[in-house]
1. Could you give the length gained by full extension between Asp65 and Ser390, i.e. 0.36 nm per residue of separation minus their alpha carbon distance, to one decimal place?
2. Could you give the length gained on full extension between His95 and Glu447, defined as 0.36 nm per residue of separation minus the Cα-Cα distance, in nm?
3. May I ask you to derive the relative contact order of segment 1-133, considering only C-alpha pairs under 8 Å and at least 6 residues apart, and to give it as an integer percent?
4. Just list whichever of Lys47/Lys180; Lys47/Lys440; Lys43/Lys442; Lys47/Lys102; Lys376/Lys443; Lys47/Lys360 have alpha carbons separated by over 24 Å in the model shown.
5. Quick check: the angle from helix 296-305's long axis to the longest principal axis of the chain, C-alpha only, nearest 10 degrees?
6. So what are the ³J(HN,Hα) numbers for segment 186-194, from phi and the Karplus equation (6.51, -1.76, 1.60; θ = phi - 60°), rounded to whole Hz, Gly and Pro as x?
7. Could you compute Rg(Cα) / (2.2 N^0.38 Å) for segment 184-241, with N its residue count?
8. Of Gly229, Phe217, Val182, whose Cα points farthest to the positive end of the dipole of segment 164-259 (charges on the beta-carbon: +1 Lys, Arg; -1 Asp, Glu; origin at the Cα centre)?
Amino acid sequence: MSKINLDGLVAFLKEQGFIFQGSEIYGGLANSWDYGPLGVELKRNIKEAWWDKFVRNNKYNVGLDSAILMNKEVWVASGHIGSFSDPLIDCKKCHSRFRADKLIEDFTHGKVVGDGMSNEELKEFLVTNQIKCPTCGALDYTDIRQFNLMFKTHMGVIEDSKTEVYLRPETAQGIFVNFKNVQRTSRKKLPFGIGQIGKSFRNEITPGNFIFRTREFEQMELEFFCKPGTELEWFSYWRTFCMDFLKYVGINEEELRYRDHDKKELSFYSNATTDIEFNFPWGFGELWGIASRTNYDLNAHQNHSKQNLEYLDPDDNTRYLPYVVEPSVGVERMLLSILFSAYDEETDENGNTRVVLRLKPVVAPYKVAVLPLIKKNHADRAKSIYENYSKYFSTAYDDSANIGKRYRRQDAIGTPFCVTIDDETIQNSTVTVRDRDTMKQKKMLIEDVIPYILEKL
Ligand code: ATP
């Protein structure tokens, strides 16, 4: 379990410059969040790590950056206009609105999953189990109706229905509609995947738990195309690959678990789905969804667009629609899991407490901080060392306050190494390198620090 609760983490991240309330000086906009100087670095590092492992350095996959606004027919074909909805229920007494399935999941601490139940089954479960309104305590609900989560807007200058467009609720459809373009131009043979990182928008009924559920968020999605009949092998491959990635970016293994969907919960087109869940302070929640989606999406687009999306298999000259395995994860949920895993407080023998963000160097906003011991004597040399290190990795510079305070500040923002510049640096070009986690210090030559840190990355 994390050493900090949700409110504590929100306050800490604001104080340190990671995440601020969106539109704060105007009283905020509910559930919107802005990423400050450290938050944006952490977020970019997470995306870079994903892109490296899933796209750039992956022998199977290539990347894509498709548009957020797409032809409305994309969403008709994908089924989003018809059925991308959640079960909405109102409390008749206080008029609070809820997602019926989430009320059940919260009440049963995740033991009963509402996904896959009909509206009638959900309502009956609420009433039979006396699940009362979390706001006012009444047990007096309306019937459940489906609420479509797509954000609608208008393109062009005239607000009529012809110009209606939607903000994409997932990045995946941009990949499916480009399947042929990418396959033809990259000359990839099956199996291969197309990865994409980008913003998605969902008009969630109950956003909350900080950045866990917001209406605007970023997804990192891979659509992996393979020959029908091989999909379950690939499903198992990506299921393990994703778990390994979570450990690689520093998420505590003990706080992670797989939750396989049973028959009732599986979407009708899926023959296997798993969620990797993280143990958040409010309980286990979905972090990464991995689904074997058969040829459902390509088939839907082929039928609706009347374009042939089949793959010509050069091995046996047959034509078919590839099957797809989709690992899909939210950047913000990954960031939140990393932060809960990394946050630590330590008390030394003198009773002094330090906060340490034990971020893996690969995601840490700064890899190293350059600190002149005494500003007036060592700042010039420190600045030139800072400029040199900055060419290799993101480097912080701090010459304010005493050295102990500066170490604490770097510990709290997760900087893995501090390099202190003192008289010896001027005399014989050595610096003191301090390790964030062990607090051990060692002397090194200025230029040896670069390969030392690069190796940790
Ligand atoms: P949930 O059941 O929590 O609503 P979902 O099953 O609808 O999630 P997917 O459609 O599978 O989610 O989306 C893939 C991933 O995108 C999720 O695993 C999650 O990491 C992220 N995600 C989905 N919705 C949100 C949101 N509203 N805010 C932040 N991240 C989200």
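Just so you know, all these numbers are worked out from the coordinates, no wet-lab data involved. Keep in mind that what you see is a predicted model, and the values were worked out from it rather than measured. Cβ coordinates were reconstructed from backbone atoms using ideal geometry, including for glycine residues, and neighbour counts include every protein chain displayed.
1. Roughly 114.1 nm would be gained on extension.
2. 120.3 nm
3. The normalised contact order for segment 1-133 reaches 10 percent.
4. Lys47/Lys180; Lys47/Lys440; Lys43/Lys442; Lys47/Lys102
5. The answer is roughly 60 degrees.
6. Residue by residue, segment 186-194 yields 8, 6, 6, 9, 5, x, 8, x, 10 Hz.
7. Here the Cα radius of gyration is 1.55 times the empirical estimate.
8. Val182
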